[in-house]
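Since the structure comes first, as structure tokens, the remarks are kept for the end.
The values are calculated or read from the model by the stated rules, or taken from the named source; none is laboratory data. Computed from a predicted structure; not experimentally measured. For neighbour counting, all protein chains shown are included, and Cβ atoms are generated from backbone atoms with ideal geometry for every residue, glycine included.
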Amino acid sequence: MFHKFLKDKNTEVIHRFMHNFKPRPKQSDLRPSEIMVLMMIAHFVEQNKSFPFPSQISKALNLSRPAITPILNQLEKMQYITRQFDSIDRRKTRIVIQQKAMEAFLANCSMYQKQIDLLKDQMQDDFVLLLQLMEKANQILSNQPKENTNEESL
């Protein structure tokens with residue numbers, strides 16, 4: 001059964017797209033999962049004007065809290081984030097992004113934008129259709145119950 005899964009053309013095409021669109025900066029000490037977490041934190045800060053709790057990061061990335069914790073630990077060790085007690089509820093900890101991480105976030109946004117611009121230029125009218133189909137797929141998949149709540153990583 002697993003062997004058949006690997007040979008499925010649809011799976012191969014989707015996997016290849018996801019692999020090609022993954023953040024992979026050439027000169028970075030960050031893994032793709034760490035970049036995605038930093039990008040989520042930076043986006044959260046930009047949208048909400050406050051720093052997120054680990055539970056908010058986990059929910060936004062659709063990962064369990066135990067899957068997020070080692071990533072946050074590594075980001076803290078590399079001084080991309082710090083943990084800060086919430087001023088209202090001292091039992092909660094907010095994740096504070098550091099300037100070093102914001103620079104990494106902006107560099108990765110630039111990389112993503114270049115990929116999107118390339119697709120838009122090369123695909124032209126088909127790019128709009130691609131976005132519509134991806135949005136429809138996102139809606140369908142986001143409404144599915146989680147089968148595995150013990151994710152290991154991104």
Residue 108: passes all of (1) out of contact with any Phe, Trp or Tyr (no Cβ under 9 Å at 6 or more places or on another chain); (2) among the polar types (S, T, N, Q); (3) modelled with pLDDT of 90 or more but (3)
Return yes or no: is residue 115 surrounded by 11 or more Cβ atoms within 10 Å (Cβ to Cβ) and within 21 Å of residue 14 (Cα to Cα)? yes
Only listed residue being closer than 27 Å to residue 143 by Cβ and not β-branched (Val, Ile, Thr), chosen from 54, 70: 54
Among (1) touching a residue at least 24 places away in the same chain (Cβ under 8 Å); (2) surrounded by 12 or more Cβ atoms within 10 Å (Cβ to Cβ); (3) of a type in the set (D, E, K, R), the one test that residue 29 misses: (2)
